[in-house]
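The structure appears below as structure tokens.
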Amino acid sequence: RCLDLFEVPLNKGIVAPPGLDPIFRTTQDTMVDLPYVVLYMSPLVAPCLAKVLAVREQLEKELPHTIVIAGPGLAEEPVDWGGRVVRIEYLPDNHLAGLYQHGSAFIYPGLHDGAGYAVLEAMGAGLPVVAAKSGALQEVAKDIPIYYNPSSSDSLLQGTRRVLGFSKGERAQRVHLGQSATSNYTWEKSAWKLMSALQRL
């Protein structure tokens with residue numbers, strides 16, 4: 001497709017990854033009572049919304065956690081999520097960073113994500129991630145998240161259980177790896193990569 005649109009083969013393309021706001025690494029407060037998990041909502045979640053709803057219902061039965069559903073609203077989602085659910089469609093970055101920093105897990109069921117920006121923000125804030133094995137997430141986040149099969153509700157449930165069952169040492173290791181990996185995502189590096197690409201034209 002790149003070749004068709006731009007007459008540029010993939011081996012000649014240069015990717016300038018986006019930068020992460022440093023606020024995700026700066027300690028912030030949270031407005032939600034602990035413990036909670038964050039489930040990220042976006043249009044990329046729409047194709048698997050039924051699976052997400054089933055998993056949300058099961059998690060409520062098993063866990064004492066509140067489920068915070070964050071991100072843009074979908075026309076297909078319930079008007080009332082019910083139960084121990086807090087629905088937040090928009091937060092300024094400092095509040096979003098605080099939400100991530102104090103959560104127990106970040107669940108990202110989005111499919112065909114080409115950038116993985118929400119996953120990078122969560123990892124940068126120190127939140128262990130459960131993500132669909134889809135799109136560019138494995139290229140962006142490597143093997144740091146726990147990946148699940150997006151065609152299986154049970155796989156999503158098992159991945160979430162695994163993250164919430166981490167020992168302190170396992171959790172600390174995942175947090176460290178996530179924050180180390182995202183330290184390269186700065187706007188300065190993105191700008192320099194873009195400038196270098198333009199200079200080569």
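The table below gives the values:
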{"item": "Tabulated pairs, the stretch 6-34, first outside any helix (DSSP H, G or I) and modelled with pLDDT under 75, second hydroxyl-bearing (Ser, Thr, Tyr) and open to solvent by 40 Å² or more (accessible area, probe 1.4 Å), C-beta under 7 angstrom, 6+ apart or interchain", "result": "none"}
{"item": "One residue from ARG161, ARG200 being basic (Lys, Arg) and closer than 24 Å to GLY103 by Cα", "result": "ARG161"}
{"item": "Residue in the stretch 57-67 that is closer than 17 Å to ALA132 by Cβ, part of a loop (DSSP other than H, G, I, E, B), in contact with a Leu (Cβ under 9 Å, 6 or more places away or on another chain) and open to solvent by less than 60 Å² (accessible area, probe 1.4 Å) present", "result": "no"}
{"item": "Residue list for the stretch 67-110, filter: of a type outside the set (A, V, I, L, M, F, W, C) and more than 18 Å from the chain's Cα centre (by Cα)", "result": "GLU76, GLU77, PRO78, ASP80, GLY82, GLY83, ARG84"}
{"item": "Output for the stretch 176-201, where each listed residue is among the hydrophobic types (A, V, I, L, M, F, W, C), over 21 Å from the mean Cα position of the chain (by Cα) and open to solvent by 100 Å² or more (accessible area, probe 1.4 Å)", "result": "TRP192, LEU201"}
{"item": "Residue match in the stretch 121-136 (condition: touching a Ser or Thr at 6+ places or on another chain (Cβ under 6 Å), small (Gly, Ala, Ser) and either within 23 Å of VAL32 (Cα to Cα) or in a loop (DSSP other than H, G, I, E, B) (or both))", "result": "yes"}
{"item": "Every pair of residues 6+ apart whose Cβ atoms lie under 7 Å, when the first sits in the stretch 135-151 and is free of Cβ contacts under 8 Å to residues at least 24 places away in the same chain while the second is open to solvent by less than 80 Å² (accessible area, probe 1.4 Å) and charged (D, E, K, R)", "result": "ALA136/ASP113"}
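The values are calculated or read from the model by the stated rules, or taken from the named source; none is laboratory data. Bear in mind the structure is a predicted one, so any value in this text is a computation, not a measurement. We place every Cβ from the backbone using ideal geometry, glycine too, and count neighbours over all the protein chains shown. For accessibility, only protein heavy atoms count, side chains too; no ligands or nucleic acids. Shrake-Rupley method; radii C 1.70, N 1.55, O 1.52, S 1.80 Å.
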